[in-house]
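The values are calculated or read from the model by the stated rules, or taken from the named source; none is laboratory data. Since the model is a prediction, treat every value here as computed from it, not as a measurement. Virtual Cβ from ideal backbone geometry, glycine too; neighbours counted across all protein chains shown. In case anyone asks, the SASA skips ligands and DNA or RNA and just uses the protein heavy atoms, side chains included. Shrake-Rupley method; radii C 1.70, N 1.55, O 1.52, S 1.80 Å.
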Amino acid sequence: MNEDMAATQGGKVAGATGVGESVFLTGATGFLGSEIMKRILEEHPRSKLALLVRSTARETARERVDKLLTRMFAQGDATRYAERVEVVEGDISLRGAGMDSERSAKLAGRVDHVIHCAASVRFDLALDVARRDNTEGTRNILHFAERLPRLARFDYIGTAFVAGDRRGVIREDELDVGQRFSNSYEQTKMEAEKLVRSFAERYPTVIYRPSIVVGSSKTGETTTFQGFYQALSFYRRIFAGKIVHLPLPADPNTPIDLVPVDYVVDALFALIASEKSLGGCFHLASGPGATCTADELLKLLAEFTGVKQPPYISKQTYERLVRPVVSRALFWDKRINMARKAEIYMPYAWSNLVFDKTRADAILGAAGVKVPHARTYFLKLLEYQAKATKAA
């Protein structure tokens, strides 16, 4: 971390570049959070990590992290890296982030960098349930960060889909413009970003908005098959029928903004290393001219699966004619139930969102970080998913 920028100004620590010496990370057991942890352990040997992790009914927080380290690293490396990892039992949805007061006080005396990545990414949660982690969870982490006398930067992982039902080009400095939301995830992440922006008026903060994060562009590897991968699974199971052919409610020309996890992590750390990032909000997305259309991806998916590409219908036609049938059907086949479950993803098939990334690319271009086009890795994603699900 740039010590010159970490000088105290007016009783507050000014912003600093680079990864801190004592990093407090939330969401380390998640898909993106685990990759952030991995990058710090491998490439920032002076940094120590405090991971906020909650126990489950089956495993303690420490057991969860040890299992994660064993999965991500060779045995010798996992043991060595574990020495730099402190596991903090907690829960972002609880007051004080669920931390023991004594442990929290000790952390407050040494943590100089907070990376808040934890969130509930489910689209089907009731609003009050989603708020526990995304809105109130962020509020709790911000309250903890306010107690850190050595805080040199706060990095917050949001989402580009705070744009909600807007259409067209979305700027990096825009947030609440009266948009509506397709699900509780979008709404609560917008509420959380509002809290972070207020915090940023007093503390060195950077906001990152990834779009649809998928597996590695090099190998297709991922640790989760939620979100976008659920949509792929629904495609196979809904449109493979030979008797009744269901239409697909989608705009074939809508851009689907995918970003591989390796790009997101590269971009995140390049921005952390730049003093120009402080106080900014950045789209970690493919952006204008670098996305595939829904039709292009579906053609690749149809060819890979051997499931014929279905005909398109408009959103209006679906809502007027098809949805009433799907919602009231009592029998038919299993595809009807699948279609009901798939509805939570349908707004993204006609959204026509374009995430401007002028600010991000101004920094990332100079750092040599460029997003790969989905055409170059989409089949790798499908191959990895097919192999992993077959093995399971």
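For the reader, a short list of remarks on this structure follows.
- Taking every alpha-carbon pair under 8 Å whose residues sit at least 6 apart, the stretch 218-293 reaches a relative contact order of 37 percent.
- Using a cut-off of 24 Å between Cα atoms, the listed pairs 341/390; 38/218; 341/370; 308/341; 218/276 include 341/370; 218/276 as exceeding that distance.
- Placing unit charges on each Cβ (+1 for Lys and Arg, -1 for Asp and Glu) gives the chain a dipole about its Cα centre, and among 372, 93, 302 the Cα reaching farthest toward its positive end belongs to 302.
- DSSP-defined antiparallel bridges as percent of all bridges, the chain, nearest 5: 10 percent
- Look at the alpha carbon pairs under 8 Å that are at least 6 residues apart: their mean separation over the length of the chain gives a relative contact order of 18 percent.
- The stretch 34-98 - charge dipole about Cα centre, Lys and Arg +1 at Cβ, Asp and Glu -1, debye rounded to 20: 60 debye
- Computed over the stretch 23-158: relative contact order in percent, which uses C-alpha pairs under 8 Å that are six or more apart: 27 percent
- Overall, the chain carries a charge dipole of about 1120 debye about its Cα centre when +1 sits on the Cβ of Lys and Arg and -1 on the Cβ of Asp and Glu, all other atoms neutral.
- Å² of accessible area per residue within the chain, as computed with a 1.4 Å probe and no ligands counted: 47 Å²
- Of the residues 280, 22, 388, the one whose Cα sits farthest toward the positive end of the charge dipole of the chain, with +1 on the Cβ of Lys and Arg and -1 on the Cβ of Asp and Glu, is 388.
- Most simply put, the stretch 207-330 has about 20% antiparallel DSSP beta bridges, counting only bridges with both residues inside it.
- Here the Debye sum runs over all C-alpha atoms of the stretch 214-263 as equal scatterers in vacuum, and log10 of I(q)/I(0) at q = 0.30 Å⁻¹ comes out as -1.15.
- Within the chain, longest stretch free of exposed chymotrypsin sites (Phe, Trp or Tyr not before Pro) [DSSP loop, at most 15 other beta carbons within 10 Å]: 1-330
- Amide H to amide H distances under 5 Å link residue 50 with 23, 24, 25, 86, where only residues 5 or more positions off or on other chains count and H is placed in the peptide plane.
- Mean ellipticity per residue at 222 nm, deg cm²/dmol - from DSSP H runs of n ≥ 4 across the chain, formula -39500 (n - 2.57): -11500 deg cm²/dmol
- Within the accessible area of the chain (1.4 Å probe), percent carbon and sulfur: 51 percent
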